[in-house]
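This report refers to the structure that appears directly beneath it.
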Amino acid sequence: MKYEPVIGLEVHLHLNTKTKAFCGCSTQFGSEPNAQVCPVCLGFPGSLPVYNQTALDYAIKVALALNCKVQEHTKFDRKNYFYPDLPKNYQISQYDLPLSMHGFLDIELGGQEKRIGITRVHMEEDAGKLIHQEDCSLVDFNRTGIPLLEIVSEPDLNSPEEAYEYLSTLKSVIEYLDVSDCDMEKGSLRCDANISLRPAGSKTLGVKTELKNMNSFKGVKDALAFEIGRQNKLLESAETLLQETRLWNAKSSETLPMRVKEGAKDYRYFPEPDLPALIITESKIAEIKNTIPELPKEKMRRFIKDYGLSEYDAKVLTASKWTARFSEETMRKFSAVNKKPVANWIIGPLAGIAGNKSCEISALRISADQLVDLIELVEKKQVISNLTGKVVLEEMANTGKHPQKIIEEKNLAQISDSTSLNSVIAGVIKENPKSVADYKTGKANALMFLVGQAMRKSAGKANPKMLQTLLKERLDSE
Amino acid sequence: MGIDKKTVEGVAHLARIELEPKELEKLSHQLEHILAFIDKLSVLNTDNVPPTSHILPLNNVLRKDETKPSLSIEKTLANAPAKQGNFFVVPKVIE
Amino acid sequence: MELYKLTAHELLEKLKNKEITAEEISSSLAKRIEDVDVEVKAYVRTPEKWGQKRGQSPEKGDSPLFFETKGIPVSIKDNICTDGYSTECCSKILEGFKPPYNATVINKINEAGHSFLGLKCNMDEFAFGSSTENSCFGPTRNPWNLESVPGGSSGGSAAAVAGDEAIWALGSDTGGSIRQPASFCGVVGLKPTYGRVSRYGLIAFASSLDQIGPLTKDARDSALLMNIISGFDPLDSTSINIPVPDYTKDLINDAKGLKIGIPKEYFVEGLDPEVKSIVEEAIDKLKGLGAQFKEVSLPHTEYAVPVYYIIATAEASSNLARFDGVQYGLRAKTQGLIDMYKKTRQLGFGDEAKRRIILGTFALSHGYYDAYYLRALKVRTLIKQDFDNVFKDFDCIVTPTSPTAAFKIGDKVDDPLKMYLSDIYTISVNLAGIPAISIPCGFTKKGLPVGLQILSRHFNESALFRLAYTYEQNTEWHKMKPKL
């Protein structure tokens, strides 16, 4: 039998507010252990929570960007369970009246668009961090109380690739909103997955597994792929699947059952008595809607329309908000009507350099103006060749210098005056009589060989187009 | 609805309280008694009554996103039954 | 002159006139505590050697007598956080806990020019009880009769004020924990409207019911202390941001025109006949002073106790989950985490705490939530509506504070339900969030005080003060002192 995977993702997102959800402690990453805590986030007896206005605004912003219906009446609840990273032994979360529900996110895979349902987006607080030692565990509460959003998708995803695309698209949207770092390494974006298999075409759901401990989007994809294989094998051999939580082990590339045995979960949710309810008015929603910038999908469509880019180019350039901003600035400043060269330079060499430095394109020491100048030096003015252009670009990224300056300093300008070129050509003809003869007998390759020799003789600086034209003229006239 | 010893045992586990057999016995008995009294609530028809979890008509109590000083590490750890460097220490979590 | 006998307003007058110094008040009080607290045991963690540090400013945290001698010292219940000074809710599980911060009310007392006495008042563990017998430090005794309980859970605060071991004190009231001990000890105890006084720094029992309030020798002191501790606190989301009136302006000796309801459901079987007749006499007195009385009905009264014991224990089960041996307090020596939790909580909590945590956990647990917790929240609505209806036409409601006078130590310890029912007249007030005051209104033949409870609508403490003050000005009950 052929089985079809059914996947739902649960994303936890840190909001990048200055302070924690319920107290004034800083949310800055990377300080000393237990240095960013106070009686409130430590859950000290007698302390009380007060919710962060900005966290609420950000949460509404995300909910709206994910096309959710923001509820007029929402409240916090306590989720009760004992764990040493949870100082109060309850987490302030939302249960039966979440901030928002019924949204969607469109993803695109292989040219096909697919709408993924968003069940709910709700607000909660993060827990602390445990560091496991040989014989004990150490607790750091710095992360405790950082405002979190839980974004739950419908089980609308049917492959690891779709899950990956969903996460990438989601991350891209959130980055555009400027409400989270979305950094999986820092834990500001985390993802758990629910996956089950069912006979293709069937409507009923199979026994699901909850996957945890994936530390990257690729990890999510790999864990899902592994789990599909594992469940497939069990189903084919008619073995029973357990409903369980499994942890992804990135080292061994497998999922393993969680070892901690916990009885049936009973979180005993009840309304948080320390926090009055929230009423989200229409005018509040309108106000926040106004702060939502153009999102990736809209921006992509506009890039196609305004700059004549291909859908592929537009999508790549708009995936990251920083790249999109940089690209747009560059395209605007680039005077030619055809913006394709800009897209090529950014998607090709510039993305390559940023990739090597593992940073965003916009973080490189190259301004849009400088890039425009470089492209014009190559494409329009033909001061340097495409190849030299790439060398100059690399140097620009390293030094922050203007391309013109680099060309001058390194004497990289193309030789485009015919006198100089002709003297080079004369030398080449003299030194390669055999190739000249070959050309005359109609061997086309010979011309390219001679061009190559001339280029070498000019130390790569000869304008290749001119060189070829002049060489051909000279040979044909002899 | 009643409460038996097994239920009390389960609930005590949820609440992370160890009970000696004698304690469990006594407590189950007392809770049964108390719950029998509480069950008088079931005679009321509450179908169309909204629940009250907050008595005041307060909404949207929020604070500005402004940083306040955190506690010093000394103060944070001053009451700790066990500590190591800047950390609280607990018995091993994964058993 | 024995300064400890005086009220805060009398002492303030003398301070203002420079007749006395703050040090003299402290010294007088210290001597009194040293003399009588061996018997009353209103305070916990009292120094072994008295006198050495009397009136001094000892180092924070080392079992001091007084923090600083400034203004009129306030005695504080052991569940209100005092920076650097042990705050243990009279529970073993909080052994040695010294909060790194002050409750908002403590800061307000300091800002008003007064000080924390430097000794904490005894209480039922985590405020679970009506007799102050559930304290890990042992029971407090009623200054009027040392064989009797002082009431609870703020029994230490009430006994201290009654026994002149405190000028004034703060307690907390979740289901009657200020008013019932005030009644048992013959002092004035006020539970403010929910949201009137910040709960920040009050170690929570039931967050939706708890309020801090004053226990004092008379209504004027109550108004004075309320002026100090009331008001919006940005650290407490449930405190309300509306202006606080000067309550001393409500101390008007005139009950004319006040419309007062007498709920028939409060004068039924279970009410001690002696208490009943004393309260009826008080009502007659007020009638004579111009107040208009009429019988009213609060039809859901009988459901208040069951509703309360669901809501309060459910919230408590969650509020007390944090006492787990990780960050502070007791930690049992065990292997493994779950064991540490379970043994710590077994050793640290007393019987009543365990009972309530387990009852509350049960009420919230899967399969029982709707039948217990949700139903209780709904009946809470009905109880609140009862009051709303009466307060449409009445300024106040008057009832006995407790169905009996103080009972004997040990009488109800083994019967939790019987103990719960001693709060039958005070609990509805917390469920409805309204303010109420208990004032002394007479004594039983055995010489035990009886309290009169006055209730009003949300944020109408003013009416309570006016009626209480009028009664006080025309009676002598509040001036009676126990023989110690």
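The values are calculated or read from the model by the stated rules, or taken from the named source; none is laboratory data. Given the structure is predicted, the values throughout are model-derived calculations rather than measurements. Glycine also receives a Cβ, built like all others from the backbone with ideal geometry; neighbour counts cover every protein chain displayed. Keep in mind that these areas ignore ligands, DNA and RNA; they rest on the heavy atoms of the full protein, side chains included. Shrake-Rupley method; radii C 1.70, N 1.55, O 1.52, S 1.80 Å.
Here A:ASN386, A:ASN432, A:ASN422 are screened, and the one residue that is in the same structural domain as A:SER358 (by TED's automatic domain parsing) and open to solvent by less than 80 Å² (accessible area, probe 1.4 Å) is A:ASN386.
Filtering segment A:389-419 to residues that are surrounded by 13 or more Cβ atoms within 10 Å (Cβ to Cβ), touching a residue at least 12 places away in the same chain (Cβ under 8 Å) and assigned to a loop (DSSP other than H, G, I, E, B) leaves A:HIS402, A:LEU412, A:ALA413, A:GLN414, A:SER416.
Okay, residues lined up against (1) among the hydrophobic types (A, V, I, L, M, F, W, C); (2) within 22 Å of A:ASN290 (Cβ to Cβ):
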| site | (1), (2) |
| --- | --- |
| A:SER26 | no, no |
| A:PHE29 | yes, no |
| A:VAL70 | yes, yes |
| A:PHE82 | yes, no |
| A:ASP106 | no, no |
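The listed residues are A:LEU97, A:LEU86, and the only one of them that is open to solvent by 20 Å² or more (accessible area, probe 1.4 Å) and of a type in the set (A, V, I, L, M) turns out to be A:LEU97. Taken over segment C:257-281, residues that are touching a strand residue (DSSP E or B) at 6+ places or on another chain (Cβ under 9 Å) and part of a loop (DSSP other than H, G, I, E, B) amount to 5. Looking across segment A:173-195, the residues that are of a type outside the set (Lys, Arg), within 21 Å of A:ASP222 (Cβ to Cβ), open to solvent by 10 Å² or more (accessible area, probe 1.4 Å) and not in a loop (DSSP other than H, G, I, E, B) come down to A:ASP192, A:ASN194. Is there a residue being surrounded by 24 or more Cβ atoms within 10 Å (Cβ to Cβ), at pLDDT below 95 and part of a loop (DSSP other than H, G, I, E, B) anywhere in segment C:140-159? Yes, segment C:140-159 contains at least one residue that is surrounded by 24 or more Cβ atoms within 10 Å (Cβ to Cβ), at pLDDT below 95 and part of a loop (DSSP other than H, G, I, E, B). For C:ARG375, state whether it is part of a helix (DSSP H, G or I), open to solvent by 40 Å² or more (accessible area, probe 1.4 Å) and not hydroxyl-bearing (Ser, Thr, Tyr). Yes, satisfied.
C:ASP339 meets the conditions (1) out of contact with any Gly (no Cβ under 8 Å at 6 or more places or on another chain); (2) closer than 19 Å to C:LYS418 by Cα in every case but one. The failed one is (2).
Please determine whether any residue of segment A:33-54 is in contact (Cβ under 8 Å) with a residue 12 or more places away in the chain and part of a helix (DSSP H, G or I). Within segment A:33-54 (the criterion being in contact (Cβ under 8 Å) with a residue 12 or more places away in the chain and part of a helix (DSSP H, G or I)), the answer is yes, since at least one residue qualifies. For segment A:340-381, the candidate set comprises residues that are among the basic types (Lys, Arg) and outside any loop (DSSP other than H, G, I, E, B); within that set, the residue that is most open to solvent (accessible area, probe 1.4 Å) is A:LYS380.
Counting only residues that are among the charged types (D, E, K, R) and facing another protein chain (nearest Cβ under 10 Å), segment A:16-74 holds 4 of them. If the condition is being part of a loop (DSSP other than H, G, I, E, B) and either touching a residue at least 60 places away in the same chain (Cβ under 8 Å) or within 19 Å of B:PRO51 (Cβ to Cβ) (or both), then segment C:298-324 contributes C:LEU298, C:PRO299, C:HIS300, C:PHE323. Of all residues in segment C:379-414, those that are in a helix (DSSP H, G or I), touching a residue at least 12 places away in the same chain (Cβ under 8 Å), within 14 Å of C:GLU295 (Cα to Cα) and open to solvent by 40 Å² or more (accessible area, probe 1.4 Å) total 0.
Yes/no matrix, rows are residues, columns are (1) at the interface with chain A (Cβ under 9 Å from one of its Cβ atoms); (2) more than 27 Å from C:ARG356 (Cα to Cα); (3) in contact with a Leu (Cβ under 9 Å, 6 or more places away or on another chain):
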| site | (1), (2), (3) |
| --- | --- |
| B:HIS13 | yes, no, no |
| B:LEU19 | no, no, yes |
| B:LEU31 | no, no, yes |
| B:THR67 | yes, yes, no |
| B:ILE73 | yes, yes, no |
| B:ALA82 | yes, yes, no |
| B:VAL89 | yes, yes, yes |
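If you check A:VAL337, A:VAL316 for being out of contact with any Asp or Glu (no Cβ under 9 Å at 6 or more places or on another chain), assigned to a loop (DSSP other than H, G, I, E, B) and open to solvent by 10 Å² or more (accessible area, probe 1.4 Å), only one passes: A:VAL337.
So for segment B:54-64 (the condition being more than 7 Å from chain A (Cβ to nearest Cβ) and either within 30 Å of C:ILE93 (Cα to Cα) or out of contact with any Ser or Thr (no Cβ under 9 Å at 6 or more places or on another chain) (or both)), does at least one residue qualify? Yes, segment B:54-64 contains at least one residue that is more than 7 Å from chain A (Cβ to nearest Cβ) and either within 30 Å of C:ILE93 (Cα to Cα) or out of contact with any Ser or Thr (no Cβ under 9 Å at 6 or more places or on another chain) (or both). Is it true that B:LEU31 is under 30 Å from A:VAL50 (Cβ atoms) and open to solvent by less than 20 Å² (accessible area, probe 1.4 Å)? Considered against the rule, which asks whether it is under 30 Å from A:VAL50 (Cβ atoms) and open to solvent by less than 20 Å² (accessible area, probe 1.4 Å), B:LEU31 comes out as no. Is there a residue being in contact with a helix residue (DSSP H, G or I) (Cβ under 7 Å, 6 or more places away or on another chain), part of a loop (DSSP other than H, G, I, E, B), within 14 Å of chain B (Cβ to nearest Cβ) and not β-branched (Val, Ile, Thr) anywhere in segment C:119-133? Within segment C:119-133, one or more residues are in contact with a helix residue (DSSP H, G or I) (Cβ under 7 Å, 6 or more places away or on another chain), part of a loop (DSSP other than H, G, I, E, B), within 14 Å of chain B (Cβ to nearest Cβ) and not β-branched (Val, Ile, Thr).
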